[in-house]
Structures are given as structure tokens and as C-alpha cells.
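Peer 1: Dumping the structure here so I can ask a few things about it.
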Amino acid sequence: MARKKIALIGGGQIGGVLAQLIALRQLGDVVLFDIVEGLPQGKSLDIVEASRVDGFDVNVKGTNDYKDLEGSDLVIITAGLPRKPGMSRDDLLTVNAKIMKSVAENVKQFAPNSTVIVISNPLDAMVTLFQKITGFPHNRVIGQAGVLDSSRFSTFIAWELGVSVKDVNAMVLGGHGDTMVPIVRYANVNGIPVMELLERKYKDSVKAKEVMAAMVKRTKMAGGEVVELLKTGSAFYSPASSAIAMAEAIIFDEKRVLPTCAYLQGEFGVSGYYVGVPTVLGANGVETVVEFSLDTEEQAALDKSVASVKELVEAMTRLGF
Ligand code: APR
């Protein structure tokens with residue numbers, strides 16, 4: 001199998017961790033692009049100089065020239081500003097839409113056959129804009145949000161129950177904002193419902209519901225919690241790892257069922273918008289949207305989340321993008 005070529009657009013915090021993870025896992029050769037001169041070159045050199053120690057053998061090239069993207073199989077985009085304390089993801093819309101426009105035009109020109117994972121925020125709007133500008137098939141343009149939001153939710157559940165996070169399955173759907181929808185009903189520990197375990201722990205169903213509500217709230221605000229602590233930027237280790245899980249599913253045609261910011265055409269009652277839903281991810285990107293029935297409360301929460309995605313996309317259109 002020929003080695004894959006993976007282009008990373010944005011050589012900042014997430015871009016750097018992505019490059020290192022790809023090298024450590026030998027997923028393919030890396031091109032790390034940034035507009036800042038020296039930054040991607042310096043990070044690439046730094047990563048590659050650990051290759052003897054870590055025992056990996058891939059190329060990592062830093063560049064300021066989009067031409068180096070030619071032949072890329074996969075493109076992961078983190079170009080754009082991160083949040084500062086007090087900002088919502090949506091506050092990044094104007095500045096990051098401008099950046100995404102130039103990124104999309106260049107990816108279209110130099111990597112027209114690539115599959116693309118967008119991480120830049122506000123995520124749902126940035127994926128929408130990238131697809132609109134490139135005209136790439138919807139299955140090949142996806143966004144990373146739900147894998148991370150679900151991992152955060154799983155982490156909080158594992159801490160609360162005192163079990164290994166490896167045995168926790170929990171999924172978060174909807175937009176990547178405060179209206180995201182953690183699916184409590186199906187959260188489980190190796191198949192055992194989390195709500196039942198909480199009720200047994202507290203011997204009180206009201207208390208169990210309160211504890212779950214607090215975990216749901218923390219999940220929704222988890223990105224902001226990190227921003228408040230870091231003060232100078234937003235989360236970068238966990239978004240990078242989450243995108244790598246999606247990249248591996250695509251590169252190795254794993255058919256993993258992962259929550260993806262995917263284009264909906266009637267699924268979950270939504271048409272014409274990118275929203276976080278479970279999908280089968282494989283060599284063709286999003287191969288299927290995995291539908292399941294939501295109860296009234298979950299559907300209402302998803303509808304609310306979709307409404308905020310629509311508002312954001314409309315705001316972007318009004319700005320001329
Ligand atoms: N083209 C390419 N890269 C760009 C451009 C552009 N037009 N404009 C800015 N960049 C680069 C910056 O030079 C910077 O190195 O994007 C990089 C972004 O890196 P960081 O500022 O460190 O941000 P990071 O933490 O990596 O987050 C990137 O992902 O999760 C989202 O909200 C986050 O939108 C943010 C993005």
C-alpha cells in the first residue's frame with residue numbers, strides 16, 4: 001500500500017500535535033502548512049528530529065507554499081483563530097470565515113481529490129463554507145466535534161462512576177456549541193445504562209438525575225473550561241486526538257461509527273445542513289449516516305441545536321460568505 005499523504009492546514013497548537021501524532025502512528029507523510037514563515041518548518045524539523053528516538057519513519061515537511069499540497073489524500077484544517085476567555089465559538093465567525101475562504105480555494109486547486117476534516121471554529125459554519133467553496137462531494141467534507149464532545153462526556157462519566165473510561169460509551173450529537181446534545185439514554189458502561197449505575201450509587205433517582213445533569217452541563221461547557229484555564233488559547237491535545245481517530249477510520253477503511261459533523265439530507269428530520277450525527281466513517285469518508293429514533297426530549301434538543309447552526313450559517317451568508 002502506497003503511503004498516504006496528509007496535509008495539515010494550520011501549524012499552530014492543534015496542527016503541531018496532529019503532525020506529531022501522525023508521525024508517531026506512521027499514518028502517512030505529512031505536509032504542515034501555515035502562513036507564518038518558519039513556524040511549520042520549525043515544528044516539522046523538531047518532530048522529525050525525534051524520529052530515531054520514537055522509531056518512526058515518515059516525512060514531515062513544513063511549508064508556506066500551497067503547491068506542496070499536491071497529491072494529498074487527506075487534509076485536516078485547523079487554520080484560524082482560537083477562542084480567548086469570554087468568547088464563544090461563534091465570536092470567531094467573521095475572522096475565521098475569511099481564513100477558511102482562502103484555505104478552501106487553495107485546497108480546491110492543489111488537493112482536489114482529498115478527503116477533508118475541518119476542525120476550525122465555529123465548526124458547523126466552517127465545514128459548510130469549505131464545502132460550498134470547493135464543491136467537493138459532501139461525504140468527503142466533514143467536521144470534527146462530536147468525537148471530542150463524546151470523549152469529554154465519557155471522561156466525566158468514568159470519573160463519576162470510578163470505572164475505566166475505556167468501558168464508557170457515550171455520544172454527543174448536534175452542533176458544536178452550547179446547544180450540543182449529549183444522549184443520556186444510551187450512555188452506558190459496557191452495555192449497562194449509566195443512569196441505572198448512578199441510581200444504584202446514590203439510591204435516589206432525583207440525585208442521580210442531578211448528577212447526570214451536571215455532567216451534561218460540564219460537557220457542553222468543556223471547551224470553555226479549558227479556555228478559561230489556558231487564557232491564551234483553546235484545547236489542542238484532545239481536538240487533535242479526536243481528528244486522528246477520524247483520520248484512521250478513513251485511512252484504514254475501518255467503518256467506525258463515530259459522531260461526525262456531516263451533511264444531512266433528511267436524516268433526523270434535517271435537510272441541507274451540516275450537523276453532528278453518528279456516521280459510518282471509511283475510505284469514502286461519510287459512508288452512511290446512522291439514524292436511530294430519538295425521544296421527544298432528544299429530538300427537541302437536536303432541533304434547537306440545528307436552529308442555532310442555521311442561524312450561524314445565515315449570519316455567515318449575510319457577511320457575504
Ligand atoms: N492559512 C493558513 N493558516 C492560517 C491562516 C491562513 N489563512 N490564518 C491563520 N493561520 C494559522 C495561524 O498562523 C496559526 O498558526 O492557523 C494557526 C492556528 O493555530 P492556533 O492559533 O494555535 O489555534 P489552534 O489552537 O490550533 O486552533 C485552531 O481550531 O479548535 C479550533 O477554535 C479553534 O479555530 C481554532 C482552530
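The values are calculated or read from the model by the stated rules, or taken from the named source; none is laboratory data. Computed from a prediction, not measured in an experiment: that's the story for all the values here. Ideal geometry is used to build each Cβ from the backbone, glycine not excepted, and the neighbour counts take in all protein chains shown.
Every residue, every condition in (1) closer than 17 Å to residue 13 by Cβ; (2) touching a strand residue (DSSP E or B) at 6+ places or on another chain (Cβ under 9 Å); (3) small (Gly, Ala, Ser); (4) not assigned by TED's automatic domain parsing to the domain that holds residue 178, yes or no:
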{"position": "34", "(1), (2), (3), (4)": "yes, yes, no, yes"}
{"position": "38", "(1), (2), (3), (4)": "yes, yes, yes, yes"}
{"position": "47", "(1), (2), (3), (4)": "yes, yes, no, yes"}
{"position": "60", "(1), (2), (3), (4)": "yes, yes, no, yes"}
{"position": "83", "(1), (2), (3), (4)": "yes, no, no, yes"}
{"position": "90", "(1), (2), (3), (4)": "no, no, no, yes"}
{"position": "98", "(1), (2), (3), (4)": "no, no, no, yes"}
{"position": "106", "(1), (2), (3), (4)": "no, yes, no, yes"}
{"position": "113", "(1), (2), (3), (4)": "no, no, no, yes"}
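Peer 1: Related question: Go through the range 2-25 and give me each residue that's away from the ligand (no atom under 15 Å from the Cβ) and more than 14 Å from residue 74 (Cα to Cα).
Peer 2: Across the range 2-25, the qualifying residues are 23, 24, 25.
Peer 1: Here is a list of conditions, (1) within 20 Å of residue 126 (Cα to Cα); (2) more than 9 Å from the ligand (Cβ to nearest atom); (3) crowded, with 21+ Cβ neighbours inside 10 Å; (4) of a type outside the set (Val, Ile, Thr), and residue 43 meets all of them except one; can you say which number that is?
Peer 2: (1)
Peer 1: Which is among the hydroxyl-bearing types (Ser, Thr, Tyr) and surrounded by fewer than 23 Cβ atoms within 10 Å (Cβ to Cβ), of 151, 72?
Peer 2: 151
Peer 1: Answer yes if at least one residue in the range 289-299 is crowded, with 16+ Cβ neighbours inside 10 Å, of a type outside the set (Val, Ile, Thr) and farther than 18 Å from residue 130 by Cβ, and no otherwise.
Peer 2: Scanning the range 289-299 turns up at least one residue that is crowded, with 16+ Cβ neighbours inside 10 Å, of a type outside the set (Val, Ile, Thr) and farther than 18 Å from residue 130 by Cβ.
Peer 1: Between a first residue in the range 223-242 that is closer than 15 Å to residue 178 by Cα and a second residue that is near the ligand (Cβ under 10 Å from one of its atoms), which pairs have beta carbons less than 7 Å apart while being 6 or more apart in sequence or on different chains?
Peer 2: Matching pairs, first to second residue: 223/234; 223/235; 226/234; 226/235; 227/83; 227/234.
Peer 1: Taking the range 219-248, which residues are of a type in the set (Gly, Ala, Ser) and in contact with an Asp or Glu (Cβ under 6 Å, 6 or more places away or on another chain)?
Peer 2: Across the range 219-248, there are no qualifying residues.
Peer 1: Pull up the range 266-318, narrow it to residues that are assigned to a strand (DSSP E or B) and hydrophobic (A, V, I, L, M, F, W, C), then point me to the one that is nearest to residue 244 (Cα to Cα).
Peer 2: Filtering the range 266-318 for residues that are assigned to a strand (DSSP E or B) and hydrophobic (A, V, I, L, M, F, W, C), the one nearest to residue 244 (Cα to Cα) comes out as 281.
Peer 1: Take the range 174-218 and flag every residue that is touching an Asp or Glu at 6+ places or on another chain (Cβ under 8 Å), surrounded by 15 or more Cβ atoms within 10 Å (Cβ to Cβ) and part of a strand (DSSP E or B).
Peer 2: Answer for the range 174-218, where residues must be touching an Asp or Glu at 6+ places or on another chain (Cβ under 8 Å), surrounded by 15 or more Cβ atoms within 10 Å (Cβ to Cβ) and part of a strand (DSSP E or B): 181, 182, 183, 189.
Peer 1: Continuing with this model, one more query. At least 2 residues that are touching a residue at least 60 places away in the same chain (Cβ under 8 Å) and not aromatic (Phe, Trp, Tyr) in each: list the helices (runs of 4 or more DSSP H) lying fully within the range 1-115 that qualify. Talk me through it step by step, then tell me what you get.
Peer 2: Numbers: elements: 13-25, 39-48, 51-54, 93-110.
Passing ranges, in order: 13-25, 93-110.
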